[in-house]
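I have placed the structure first, in the form of structure tokens, so that the comments after it can refer back to it.
The values are calculated or read from the model by the stated rules, or taken from the named source; none is laboratory data. From a predicted model like this one, the values you see are computed outputs, not experimental measurements. Cβ placement follows ideal geometry from the backbone for every residue including glycine, while neighbour counts extend to all protein chains displayed.
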């Protein structure tokens with residue numbers, strides 16, 4: 001996940017980075033194909049897969065966001081505790097890394 005910033009910002013790049021799946025974007029930019037009614041079955045399949053991919057990416061990224069927020073909070077609290085200990089010249093306990101990374105709630 002550390003290399004996520006270099007994954008690219010297209011849906012296909014994000015899906016590939018998160019799930020290792022190649023998202024076929026064959027109908028992207030084909031306005032005439034979307035103008036036909038009824039839509040061809042391969043266009044319907046593309047649209048359905050695109051919607052599912054957006055949904056999966058959203059929920060996966062929201063889980064990462066929650067995790068990052070929790071880590072940020074814990075790091076902030078530890079920074080405050082560390083500065084207080086330093087002011088009192090107390091040693092840092094070894095158990096500072098013994099904290100849950102996922103908030104259940």
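Details
- For the range 47-62, filtering for residues that are within 15 Å of residue 34 (Cα to Cα) and loosely packed, with under 13 Cβ neighbours inside 10 Å leaves 1.
- Cross-chain or 6+ apart pairs with Cβ under 8 Å, the range 64-86 first and under 28 Å from residue 19 (Cβ atoms), then at pLDDT 70 or above: none
- Residue match in the range 6-15 (condition: loosely packed, with under 12 Cβ neighbours inside 10 Å and at negative phi): yes
- Odd one out for residue 44 among (1) surrounded by 11 or more Cβ atoms within 10 Å (Cβ to Cβ); (2) under 24 Å from residue 8 (Cα atoms); (3) modelled with pLDDT of 85 or more: (2)
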